[in-house]
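Working notes for the structure below.
The values are calculated or read from the model by the stated rules, or taken from the named source; none is laboratory data. As the structure is a computational prediction, the values presented were derived from the model and not from experiment. In this analysis, Cβ positions are derived from the backbone assuming ideal geometry, glycine residues included, and neighbour counts consider all displayed protein chains. Quick note on the areas: whole protein, heavy atoms, side chains included, nothing else; ligands and nucleic acids left out. Shrake-Rupley method; radii C 1.70, N 1.55, O 1.52, S 1.80 Å.
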Amino acid sequence: MAELATIARPYAEALFKAAQADLNAAAVWLDELAEIAQNGQLQQFASNPKVTSAQVFDLIAGVMKAALPEQGKNFLRTVIDNGRLEALPEIAALFRGLKNAKSGLSDAVVYSAFPIDAAALADVAAALEKRFNRKLNVSVELDAELIGGIRVVVGDEVLDTSVKARLEQMKVALTA
């Protein structure tokens with residue numbers, strides 16, 4: 001994966017510099033492009049030597065929910081022309097990291113066995129911001145294997161208060 005990060009870094013940094021006027025809008029369309037680029041059929045289509053860059057661009061632009069701004073179109077054309085479509089998810093991740101670093105935020109993913117309502121999520125977010133001592137962009141992903149509780153990932157830090165983790169701790173204690 002280090003190679004993909006090496007390929008993606010210059011694109012993310014260039015887009016970050018070019019999109020200073022509205023980083024949030026750029027992050028939205030870049031995340032959507034990254035999601036589209038992960039499609040296996042699109043990757044196969046784009047790697048076909050009979051398919052032109054314009055055809056790949058038209059396909060991706062046609063799948064987008066909202067119209068790409070001119071900056072987004074130019075960026076996408078550059079990525080496609082240079083054969084770096086597979087690097088788009090990594091570019092988006094690096095861009096998000098640069099954007100977060102500038103604004104002093106960190107991404108936090110809360111894994112939960114059950115959906116979390118907005119009020120409870122606000123309480124959890126406030127507690128996590130205190131715990132990690134920084135502002136967080138909190139997103140929730142469901143993971144039924146947790147049984148109950150939550151598991152939080154902020155960068156390379158993990159806070160696991162799930163039932164699954166506690167059962168694992170009990171298993172280790174009982175077998176030791």
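These residues, 143, 123, go from largest to smallest accessible area, 1.4 Å probe, as 123, 143.
Any lysines with Cα under 20 Å of the residue 17 Cα? List them, leaving off those in the same chain fewer than 8 positions away. Candidates past the 8-residue exclusion: 73, 99, 102. Placing pseudo-labels 7 Å out from each Cα toward the beta carbon at residue 77 and residue 121 gives an inter-label distance of 3.7 nm.
Taking the helices alone, the chain has a mean residue ellipticity at 222 nm of -19500 deg cm²/dmol, built from -39,500 (n - 2.57) per DSSP H run of at least 4 residues and averaged over all its residues.
Shape summary of the chain, radius of gyration then Dmax from alpha carbon positions: 19.6, 62 Å.
A straight Cα-to-Cα reach below 17 Å connects residue 164 with none of the lysines, residues fewer than 8 places away in its own chain not being considered. When the solvent-accessible area of the chain is split by element, carbon and sulfur atoms take up 55 percent of it, the probe being 1.4 Å. By the rule of a C-alpha distance below 15 Å, with chain neighbours fewer than 8 residues away ignored, the aspartates and glutamates paired with residue 130 are 107, 157.
Cβ-Cβ distance of residue 70 and residue 4, R₀ of 35 Å, FRET efficiency by 1/(1 + (r/R0)^6): the value works out to about 0.80. Residue 147 contributes about 90 Å² of solvent-accessible surface, heavy atoms of the protein only, 1.4 Å probe.
For trypsin sites (Lys or Arg not before Pro), the sites in the range 40-128 that DSSP calls loop and that have at most 12 other Cβ atoms within 10 Å are 50, 65.
Surface analysis of the range 70-163 yields an accessible area of 54 Å² per residue, using protein heavy atoms and a 1.4 Å probe.
Measuring with a 1.4 angstrom probe and ignoring ligands and nucleic acids, residue 53 comes out at about 50 Å² accessible. In the complete set of protein chains, residue-level accessible area for residue 95 is approximately 0 Å², probe 1.4 angstrom.
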